[in-house]
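Here's the structure, in structure tokens; my notes come after.
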Amino acid sequence: MLCEAFLKELKSVDHPKDHKVIDVWLIMLIYANGGALQKSAEKMLKSKILQGCIRETLFDQCIHGNTELVKVHFMSFLSVSDYLLACKEEKAREFASYLFTVLFEQFSDTYSRQELVGSLVAHIGSGVSYEVSSSLDIMISLASNHSEELIPISSHITGILDYLESFNEDNLRKVYDIFCHLALAAGFNTASGGSSVANELLMVVRKQVSNPDMKYRRMGIIGALRIISTMADVDVNAAVNTSSQQPNWEEALELLKTTVNCCKFVTLPLIFLYDELAALLESKVLHFAILEWIGDYVAEFDSCFLTDLNNGELSEKHLYDGIEGELWMNLDGNLSPICVNIMPLTSTLPQKSQPCLQILSSQCSLLTTVERLIKEGSLGGLDALLGCPLHLPSTKHLDGAKWGNLSGLQKRAVCHSLYYAINWIRELLNAFSTQVACRVDNFSQKARDETAVKLLKRLRNLILLEGLLNAFLKSYPLSLPELRYLGNCSGSASSSKFNLPKKMGEESMDGTSSNKGQKGRKDKTASEKMNPDDKLKQPTILDAFKRAGVTVSQATNRGSSQPSSSGMMSKDIEQDPNYPGDLGLVDLMTAPVQLDMQRFKFRTLHTRCLSLLNYSECQDSSCSYLESELPIYLYLLRDLHNKLDNLNPAIKPFLSTSQAKSSHVHCPKKTQEFLDIIRPLFLVLRKHLDGAVSMIKDESESCIDNWSSHSSSAGNPDIPYVVISKSSIATAVLKEILGCYRKLLAIPDLLNQPNMSILKQLLQSLQPTENFDDILSEFQPYLAPSNVDYLYCGACKMLEDIMDPVCSSSYLLSSDVLITMQSIVNSVVVLLDRSGESNQKKVQIGCSKAIIPFLRKRLGQSAHKLLTADHPGEVAENGWQTKGDRIQKILQIYLRNSESTSDLLRELSKALPGVPSTKTQEDASNGFPTLCSSTIPSWYRVLHEENTGSLNKTIKQALKTRALSERGSTDTILEEIQKSVEMFVSLIEKCKSHEKVSMHAMAVKHGGKYIDTFLKAFNFLETQFKDHNAIILKMLKELQKATRIIQTICSEAKGYKRTMITSKVPPTKRSMERFLFQVKALLHNCSTEKKFWMGNLKHKDLHGHVVSSQVYGSVDEEDDEETDSDTPADENDNTMDEDVVEGSNEVPMEEE
């Protein structure tokens, strides 16, 4: 009892200054006693730490100077530290880190430290990601600051090696850092006997590097490079040189050579080694001798992948697998001395000495990294790589008709050539963007501008190459090779050797490799059918016809009269002598869907490349960058959008497994680092947003000509049917920018106090161009322009301003604007929730809760504007049926941001009966053009969901105010419940006039959910029945109308075998049964009169007509399920209640 009283008293202390050292001792003593109160003491201590009431200073005073007393309770302190370290909350784990460190420093005896280290090792092996990471951080801290103290108990630490297989790459680096610190300390103090740590570490790493399994080889590469980074560190070697020991950098160089030799002839391990080594060189200063050796090693790049040119031309031309090659994308013209030899190296019959193109990009990355380090940041010695041409297949093979005549082997060669070219250019962007994104001392501003222009031209090359490859992959699905290590997603291909195909069947596609004696067209055709990549191709209806023996003419395949994006009809295009066949028109501004499916295999585009958004090719002020350069910026914006998605995976749940596992490499590890990098881009995003909006307003079509001229200057070949439309680019740019704003506002760390300046800078870039203080006049006192709340209001106003021009162009784009406005409101809510109730914190963030109703009102008005806007172009082009999801979202925003959701629901329900059930004649007299026969299922679902949600909120409020005696609040709650019931009945009765199976299925599903929610109100209704029996009885009678209709729908669904409905019947039936007995119990307990009776009702259809139970057998089930009835609904709503005597208080219930 005394301990409970202590805990209760401590729980009531709210301020840190009121807590004393004695409080910590009380908690620890209660915890040490065990029993039922141990858990309570743990939870209260955690709560106090998270609230900031108990801080590190209290434990400092508790532990320091009281070593003997604390030693008695050492295991209790260690157990509390274990508990905090296993918590999900980061603040609790940080406190645990402090406790572990203090305990290690204060208790120097072997037993205590063994227990502490053993506990950390157990946490490291727990398998819980956040717990493992925090435990390793603690161990690294101890190993770096107290390495010599840990050496005597190093045998306990080696247990970590048992868990290596379960660690990700970041945790593996931490593990090897721990052992590197211990090994380094052991090397300086050999008398301690700790040198065995270094020997054991090197033995483990060498075994892993030479292991043929990629899983272990990956561990070995990471371990070897961590050892090298420790041994070859400049500061470490300076310390070694003062002693009599051998320099560590020599041992590090030997280990590096061993690692390279083990991976030299295996593709993916070598790629992984190059990438890890490049990252290491950028993050740590190594001994110059090691840097020099790496430079000499990668110098072989020239002889492997480059070819000399004569006056910018190839000295001789050859055919490779029957495909002629030519030079593409030469930025230096006749001055270019070299070209990248891609097409010859994709030959399907390579020589044994031929290098593998898979390592081209990674070796280029390592080469440019070494060059920058040696030349103090400059890449002047590699300028020729940026402008040199690429040796690729001749464009005459890319024509649609000729593409169709290529063999599967040749198509593969073309696709691989373009793929390697794409990734080569991406690595050029990564390397040379450092020259424009960072300040280089020996690099002039003129050279920086020239490099930026070349990089923008390379982006034009990239756009063309990706558009072409995406089109080719549509007609010839192909699994592209991996150009970076993807962890467990790599599969068996991870150990593929140079010059060897991953599968023998891939090399013998046309049968020539497996049997050289067999030639001829028949063998070739048969072998192409056996192409393993054809398995990736989705079967079409034509394929099904062919398998069934039906002859399908080409006229049927191409007989569609749909207009193309260039304005020509398909028949006109077919008569064109340059008709591209199956490839069709290639719109470069369309998202490359086929490529995006395999984007995780591509080389990563570094975040610093986004700095190119600041640059322009046109130095002439009269040139309109909007028309000529928005395609380039669109490419970068899509990459930024992907990085933001990967930064916060929770907002993109549909990532595939492979993408999810590898996507983290697209952005920096730390969110803070990413925010710092993109912070200068906020104003650039706004500039491009304004430019896209102005292009949407302008209807000229000069963008195509501008793109063609700039594309030619970038060395892009002139390929027919490669187009770019101005409308699609402006819409795509605006869509990507809005998406980036939403993802930025959704980053949790952005709303932290340290990042408040970044949040303000983002919001300042979203302010309207005109003064908007007049709409803020309702705030008293006035909002200060420097405060966050003012900036939030301005951002919302700016999006409102662009709504009108965007709405007239595209309904989907205007909905993106609305959803971005909603993200602003959500950001305000989260920010204020984090700030708490402390007035001091509110002053720090400069944001008031008064802006939330204001912003929600503006958001609701904008949603209403979209719902009531007439878009004849949408109906003519695509119709509303493809926009159901967007309409649902808009309607939800409209309902959730209104002053009274129940009143608005009631108003909208009145518009439903006027909607025709068929598409024969649309009628917008209801005031909502978006409410029609195509979209009514979307409206119907949202109204059901919001009505149920509104009822749930009302019931929660009723249960909270049940003990209050105010009659007014009770009356209001009952009125709200009554409105919700009437709305529910109105929605269910809509099924009488709308016979779509999907509508009936939604009525059954949401009807059951609504009844389940209503059941929660019976305790409240029972307490209020004496004073409000009339309204409660009325409520139950109204609700019974809906339950009868649902019963009828369930019966008809069973008779007509409508599986879409019958699958939802059992839970709904159970809910209605519970409702029936709850009503019976209510009336039995609260009424002395007989107000409840049960009986058998007649079997009626939805229109109230008595039907026979055998009538369903004579109805065509299939037609009823898949077509809508064209017969008008009978207005006979009262027939369902004919069994109820007028004026009676009895509540009849149908028998289940």
Low-density loop cleavage sites - chymotrypsin sites (Phe, Trp or Tyr not before Pro) in the range 252-334, where at most 15 other Cβ are within 10 Å (DSSP): F265
Relative packing of peptides 684-691, 412-419 - highest average C-beta neighbours within 10 Å first: 412-419, 684-691
Neighbour cut-off at most 12 other Cβ (10 Å), DSSP loop, GluC sites (Glu not before Pro), the range 278-348: E300, E316
FRET efficiency for L335 and S709, using Cβ-Cβ distance with R0 set to 22 Å, rounded to 0.05: 0.50
Amide proton proximity set for G325, modelled H, under 5 Å, gap of 5+: H318, Y320, S394
Two-site FRET efficiency, E165 against D698, from Cβ-Cβ distance with R₀ of 41 Å, rounded to 0.05: 0.10
Packing-based ranking, highest mean first, of 379-385, 775-781, 457-463 given that Cβ atoms within 10 Å are counted: 457-463, 379-385, 775-781
Karplus-derived 3J(HN,Hα), 6.51/-1.76/1.60, for each residue of the range 63-79, Hz, glycine and proline x: 8, 5, x, 10, 4, 5, 5, 5, 4, 4, 10, 4, 5, 5, 5, 5, 5
Interchain or long-range residues, amide H under 5 Å from V722's placed H: V586
K284-S900 pseudo-label distance in nm [points 7 Å out on the Cα-to-Cβ vector]: 6.9 nm
By average C-beta atoms within 10 angstrom, highest first, the peptides 1060-1066, 432-438, 1044-1050: 1044-1050, 432-438, 1060-1066
Of K956/K1054; K1034/K1069; K979/K1016; K735/K1005; K910/K996; K889/K956, those spanning more than 28 Å from alpha-carbon to alpha-carbon: K956/K1054; K735/K1005
Stretch gain in nm, segment K71-K446, where the contour uses 0.36 nm per residue and the Cα spacing is subtracted: 128.2 nm
Spin-label model distance (nm) - S475 vs R679, 7 Å beyond Cα toward Cβ: 5.0 nm
Distance between modelled label sites at Y782 and D213, nm, 7 Å Cα→Cβ extension: 7.2 nm
Computed FRET value (nearest 0.05) for T1023 with E200, which takes r as the C-beta separation and R₀ as 56 Å: 0.15
Extension gain (nm, one decimal) between E376 and D302, 0.36 nm per residue minus Cα-Cα: 24.5 nm
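Throughout, read-outs are computed from the coordinates displayed, never taken from laboratory work. All figures in this text were calculated on a predicted structure; none of them were measured in a lab. Methodologically, a virtual Cβ is constructed for each residue, glycine included, from the backbone with ideal geometry; neighbour enumeration extends over all protein chains shown.
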